[in-house]
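Down below is the structure, laid out as structure tokens.
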Amino acid sequence: MNESQSTSGVGKSSVTVQVAMGLKQLGKRVGILDIDLCGPSIPRMLGLEEFKIHQSSSGWVPVYVDSEKRLGVMSLGFLLPDKNSSVVWRGPKKSTMIKQFLTDVHWGDIDYLIVDTPPGTSDEHLTVVENLQEYNPDGAILVTTPQMVSILDVQKELNFCKKVNLPILGVVENMSGGGGQQLASKYQVPFLGSIPIDPSLATLLDNTSSPTDSTASNITPDLSRASLFVSKYIKSPLSSNFSLIAAGLDSKLSVLS
Ligand SMILES: Nc1ncnc2c1ncn2[C@@H]1O[C@H](COP(=O)(O)OP(=O)(O)OP(=O)(O)O)[C@@H](O)[C@H]1O
Ligand SMILES: [Mg+2]
């Protein structure tokens, strides 16, 4: 299990999606848990916005993007009435919701659970770390960009991880400027890899939305947009970067377990 966290807009959610895709391509079974309660972006990126949560006798069922059920997603977005409603929940209710996400979702037999977090180090992070404790999480992936602000935030996030005893799996430098490696060695954490800026990534992630979303509740959800994403992703130029990052993580974590 691992987690991704860091500053706003640096690419946490897109790194989450792509590391998950990379691990899936390695034949792993992966779950993505999206606990960004204010702006869940995973369903949008994967073209899953029209899905709702289904209940089975063993719990909430994740939405799978592929027929082999190698990549399942659970997101607060699936609980919202439509994609434009944003939820402003107070602390205690947020924690209850996150706890429920961690206990009531029937993930089945997965190799990795990747948690996509909101920006910063807030209540959500604390709640998820506390409630994952019993599952021995592998650690956190820090996502940063060359901008100074996220580099300063890296220090804050490293302190947070230390405080809550969460190991650091390493740093991913997104929209790379080449400084990720030095940053990682400065803070003595592993460097997982860098991702260049690629405008086609944004197109790939944003074009999954369909114009029929406003009437979503009236149409039967279908997975064609998600499977379109999966096939486009495999051909996208960045997928080789993410395959490397995923392979690195997987070999590191297989050795640990
Ligand atoms: N390597 C990249 N090249 C080009 N565009 C990118 C890259 N990485 C991310 N983006 C774009 O940057 C935007 C922000 O990315 P993303 O939503 O993943 O960030 P985030 O850290 O999850 O943000 P938030 O803190 O709001 O959750 C998205 O529109 C995404 O498509
Ligand atoms: Mg995000």
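Tell me the net charge near LEU76. Cut-off is 11 Å between Cβ atoms, LEU76 excluded, with +1 for each Lys or Arg and -1 for each Asp or Glu. Surrounding charge for LEU76 is -3.
Each of GLN155, SER14, PHE101 was placed along the dipole of the chain (beta-carbon charges, centred on the mean Cα), and the one lying farthest toward the positive end is GLN155. Along the stretch 29-41 the Karplus relation, 6.51 cos²θ - 1.76 cosθ + 1.60 evaluated at θ = phi - 60°, assigns HN-Hα couplings of 9, 10, x, 10, 10, 9, 10, 7, 6, 8, x, x, 9 Hz to successive residues, with x for each Gly and Pro. Ranking ALA202, THR121, SER236 by how far each Cα lies toward the positive end of the dipole of the chain (charges on Cβ) leaves THR121 at the top.
For the chain, set up a Gaussian network in which alpha carbons nearer than 10 Å are linked by springs, and say which option among GLU157, GLU134, GLU124 fluctuates the most. Result: GLU134 has the largest fluctuation of those listed. Under a model in which nothing but the beta-carbon of Lys, Arg (+1) and Asp, Glu (-1) is charged, the chain shows a dipole of about 200 debye around its Cα centre. Residue order for SER243, SER67, fewest other beta carbons within 10 angstrom first, comes to SER67, SER243. Where only DSSP H runs of four or more residues are counted, the chain gives -12500 deg cm²/dmol as its mean residue ellipticity at 222 nm, each run worth -39500 (n - 2.57). Each of GLY47, GLY91, ALA226 was scored by the projection of its Cα onto the charge dipole of the stretch 2-244, and the greatest displacement toward the positive side belongs to GLY91; charges sit on the C-beta of Lys, Arg, Asp and Glu. If you count the DSSP beta bridges with both ends in the stretch 57-180, what percent of them are antiparallel, to the nearest 5? Percent antiparallel among DSSP bridges in the stretch 57-180 is about 25.
For the chain, the membrane-span-like helix rule (DSSP H, alpha carbon extent of at least 20 Å along the helix axis, mean Kyte-Doolittle at least 0.0) picks out 148-163, 239-256; this says nothing about an actual membrane.
Once C-alpha pairs closer than 8 Å and six or more residues apart are averaged by separation and normalised to the residue number of the stretch 2-244, the relative contact order reads 27 percent. The residues packed around SER243, meaning those with a beta-carbon under 14 Å from its beta-carbon, carry a net charge of +2 if Lys and Arg are +1 and Asp and Glu are -1.
Where a number appears in this text, it was derived from the coordinates with a stated rule and is not lab data. Predicted model only: the values in this text are computed from it and were never measured. Counting neighbours? That spans all protein chains shown, and the Cβs are built from the backbone with ideal geometry, glycine included.
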